[in-house]
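The values are calculated or read from the model by the stated rules, or taken from the named source; none is laboratory data. Just so it is clear, the model here is predicted, and its values are computed rather than measured. Cβ coordinates were reconstructed from backbone atoms using ideal geometry, including for glycine residues, and neighbour counts include every protein chain displayed. Just so you know, the surface numbers come from the protein's heavy atoms only, side chains and all, with ligands and any DNA or RNA stripped out. Shrake-Rupley method; radii C 1.70, N 1.55, O 1.52, S 1.80 Å.
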Amino acid sequence: MTGLCGAVGPTASHLRELADDLVHNGDERVDPVTRERVEFASVRHPKAVSTPTTATEDGGVAVRVWGDLWGDEPESGYRTVEGDAATYCAERYREVGLDFLDGLNGNFAGALYDESEETVTLFTDRLATRPIYIYTGDEAVVFSTSIQSLPLHPAVDTDFEVDYLTEYFALKRPFGLKTPLSDVEMLHPGSSMTIDVDDGTTSIDRYWTPHYDPVDASRSEFAARLAETMKTVVEDRTDREETNGLLLSGGSDSRLLLAAFDALDIPVRTYHLNEWENREADIARRAADVVGAEYEFLERDETYQARSLESSPSLVNFDGYFNQHHAGGFAEKLRSECDYLFTGHYGDTLFKATHFRTPNIDLGGLGSFELPVERPIRGLDEYVAHRVSDAPEYLSSPKSVEDVYYDNVTQRGRAVVDHGVEYPSLRDATVCSRYPISNSTSGFFYHATAQMLPSGTPFLDNRLIDLFLQIPPKDLVRGNLINRATTLLCPELGDLPHGRSLVPIRYPFVFQWGTELLRDFVGRHFGREDGQSHWSDGPWTDHGELVRQQPFIGETIDANEERIRSLPFLSWEGVQQCYEAHQRGEDRMKDLYTLVTFLEMPLLDRLEGIEPSSDEMDETDERDESSESHEAETPNDVTP
């Protein structure tokens, strides 16, 4: 594992316990800063480490950064950052103070000690892509990018917050700054927290807030800007002397990256993960062949997901479930062959607006589909209704999910404050709902991949975020922008179909959308020609069928019976009902995967015997398992 951790206060020692928990592969480098009442460290992959220079320690300033810093945009204009990120941050801090954060472009979390001011400042990037979890107690402020490591510090006295556990089990993540641990919150995205070393007081300074301000331009113009910006971003993030890897699907997002590599004439080694060489794998192979890139098929065997359940929960920050560590089973291979691994993650969230509310058309037994038209959210009630769903029957909670959400969202004039995160307006809260990025249910894929080796997605570059904030909804939903941009950079890649459609991606959106619906209908009603029921024709395992076909989920539940019975917010009978309903054909996969991920977290052993902090748990005891009768639905935006 990699990350950032530390403590400030009279009991600030015990850094080693926190840092050791961030060492996962065994070859990570720990770079500590130790002063009186101050200890913190970055834990980084050896390939990502340049030896800290004296600039990070001289002049009474010490800085540690976890993540990537690609550029900066001071008043003089944008410039690429070369060399060690901590060194650059220390130098800029001496020049302009904390204003150095305003123009930073990257995915990072950092800590800065100023000896003359006797302060420690924690900071993160615009979207908090590397979240920092902070415990504020009487004896110390303790922080870590792994929420599960916090109880290892003796100054941390925390327990479960039932309200936010309710959100985790029902919505597959808590929102905003909230976490399922008492007195633990995430650092606000696009901000810094300054801690006074002497008295422990804290102050927050926000340096960036998203504002959606669409401009009037044609789709062709937006596609051209996307193509050129992606090309620039990939060039800025690529070292031609290193081996670059790319997780390549048969879809669009990773193909745009492949097109950028080709346009730049930068070699890239591509990998496709699947159970079998299906149509999706064939399209990925053909895409690699078109540009002459190396291609390797990585086959997930029958026990791949079961092994993931054994290893992945230790990395989770309540930001998804175990199977989202998609490439974890090939970590050793990828580490040995790649210096940096690229993914196309979040491309669909930004430039296809998959998080927008759209009308659902229900055709009964024929199935359902969503129209590619945004249904704008008008008012707080619609906002909450779009976010929430019922809790699974195994959760015994004194509040409904809806009540928990209403307790954590409010309007202040035009502004909306949602779980501690402030948005300028309801429109901004809707369009920019992945601010912070942990609001996404696929955050664990991003976080877990970063634990294997230096990796990331160009789609989270500031320049692409700025472009997203300028594109009107109709062009995000129906503009076919990623496919258009790919075709501009490499027309031959535009001649290949998307893995879900039947026509080349250069065709207009209506043909893409129509053939996707047709393929979905045929697959749903006429079956597949593959060899196993959990094999799919796309890039992902059919996890619903896998749970029915293989025993590892049921075995994990049985092995944790005593623990389930001992936790007052879980019902053993409800767990059995949920599992049995799935075995009968209902879709409870997401509820079950969330449950077993939680049960296998090391955090539970570290909190052994701790009671939930919610005062209303007394009410739960009186409910006599009444929550077992609840039917569970899952939110629309959860991805497997």
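Applying the set (1) charged (D, E, K, R); (2) free of Cβ contacts under 8 Å to residues at least 12 places away in the same chain; (3) assigned to a loop (DSSP other than H, G, I, E, B) to residue 434 leaves exactly one unmet item: (2). Applying a threshold of 8 Å to beta carbon distances and a minimum spacing of six or more residues, or different chains, the list of pairs starting in the stretch 536-557 at a residue that is more than 22 Å from residue 600 (Cα to Cα) and ending at one that is open to solvent by less than 10 Å² (accessible area, probe 1.4 Å) and polar (S, T, N, Q) reads 536/278; 537/278; 538/278; 539/274. Return yes when residue 136 is open to solvent by 10 Å² or more (accessible area, probe 1.4 Å), in the same structural domain as residue 61 (by the TED database) and without any contact (Cβ under 8 Å) to a residue 60 or more places away in the chain and no when it is not. No: the conditions fail for residue 136. For beta carbons closer than 6 Å, sequence separation of 6+ or different chains, a first residue in the stretch 103-124 that is under 26 Å from residue 79 (Cβ atoms) and in the same structural domain as residue 93 (by the TED database) and a second that is open to solvent by 10 Å² or more (accessible area, probe 1.4 Å) and among the acidic types (Asp, Glu), the qualifying pairs are 103/73; 106/68; 107/68. The set of residues from the stretch 360-393 being open to solvent by 30 Å² or more (accessible area, probe 1.4 Å) and modelled with pLDDT under 90 comprises 360, 361, 362, 363, 364, 365, 366, 368, 369, 370. Checking each residue of the stretch 572-593 against the condition of being farther than 29 Å from residue 284 by Cβ, among the polar types (S, T, N, Q), under 29 Å from the mean Cα position of the chain (by Cα) and surrounded by 16 or more Cβ atoms within 10 Å (Cβ to Cβ) gives no match.
Of the residues making up the stretch 333-351, those that are in a loop (DSSP other than H, G, I, E, B) and open to solvent by 20 Å² or more (accessible area, probe 1.4 Å) are 339, 345.
The set of residues in the stretch 551-571 that are part of a loop (DSSP other than H, G, I, E, B) and open to solvent by less than 70 Å² (accessible area, probe 1.4 Å) comprises 560, 567, 568, 569, 571.
Residues in the stretch 281-294 that are without any contact (Cβ under 8 Å) to a residue 60 or more places away in the chain and either open to solvent by 60 Å² or more (accessible area, probe 1.4 Å) or in a loop (DSSP other than H, G, I, E, B) (or both): 285, 289, 292, 293, 294.
For (1) in a helix (DSSP H, G or I); (2) outside the structural domain of residue 582 (by the TED database); (3) touching a Pro at 6+ places or on another chain (Cβ under 8 Å), each residue gets a yes or a no:
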position	(1), (2), (3)
389	no, yes, yes
392	no, yes, no
399	no, yes, no
403	yes, yes, no
410	no, yes, no
422	no, yes, no
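Taken together, 475, 428 contain a single residue that is touching a residue at least 40 places away in the same chain (Cβ under 8 Å), closer than 21 Å to residue 176 by Cα and not in a loop (DSSP other than H, G, I, E, B), which is 428. For residue 354, the conditions (1) open to solvent by less than 50 Å² (accessible area, probe 1.4 Å); (2) over 23 Å from residue 234 (Cα atoms); (3) under 18 Å from the mean Cα position of the chain (by Cα) all hold with the exception of (1).
Among strands (runs of 3 or more DSSP E) entirely within the stretch 156-265, having at least 3 residues that are within 30 Å of residue 409 (Cβ to Cβ) singles out 184-186, 191-196, 202-206.
Yes or no, residue by residue, for (1) of a type outside the set (Ser, Thr, Tyr); (2) buried (at least 16 other Cβ atoms within 10 Å of the Cβ):
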{"position": "74", "(1), (2)": "yes, no"}
{"position": "80", "(1), (2)": "no, no"}
{"position": "89", "(1), (2)": "yes, yes"}
{"position": "98", "(1), (2)": "yes, yes"}
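Within the stretch 557-596, being farther than 18 Å from residue 166 by Cβ and out of contact with any helix residue (DSSP H, G or I) (no Cβ under 7 Å at 6 or more places or on another chain) holds for 558, 559, 562, 566, 576, 580, 581, 584, 585, 586. Of the residues making up the stretch 513-523, those that are under 17 Å from residue 537 (Cα atoms) and free of Cβ contacts under 8 Å to residues at least 60 places away in the same chain number 6. Count of the stretch 16-51 residues, restricted to those that are outside any strand (DSSP E or B), open to solvent by 20 Å² or more (accessible area, probe 1.4 Å) and aliphatic (A, V, I, L, M), is 3. Residues satisfying the criterion are absent from the stretch 67-88 (criterion: among the β-branched types (Val, Ile, Thr), farther than 29 Å from residue 452 by Cα and outside the structural domain of residue 338 (by the TED database)).
The residues listed here are 349, 354; of these, the one that is in contact with a helix residue (DSSP H, G or I) (Cβ under 6 Å, 6 or more places away or on another chain), of a type in the set (Val, Ile, Thr) and modelled with pLDDT under 95 is 354. Residues in the stretch 182-218 that are among the hydrophobic types (A, V, I, L, M, F, W, C) and either over 23 Å from the mean Cα position of the chain (by Cα) or closer than 19 Å to residue 113 by Cα (or both): 187, 193, 195, 197, 204, 215, 217.
Restricting attention to the stretch 139-156, the residues that are open to solvent by 10 Å² or more (accessible area, probe 1.4 Å) and closer than 14 Å to residue 604 by Cα add up to 2. Looking only at residues in the stretch 234-268 that are charged (D, E, K, R) and open to solvent by less than 30 Å² (accessible area, probe 1.4 Å), the one that is farthest from residue 491 (Cα to Cα) is 237.
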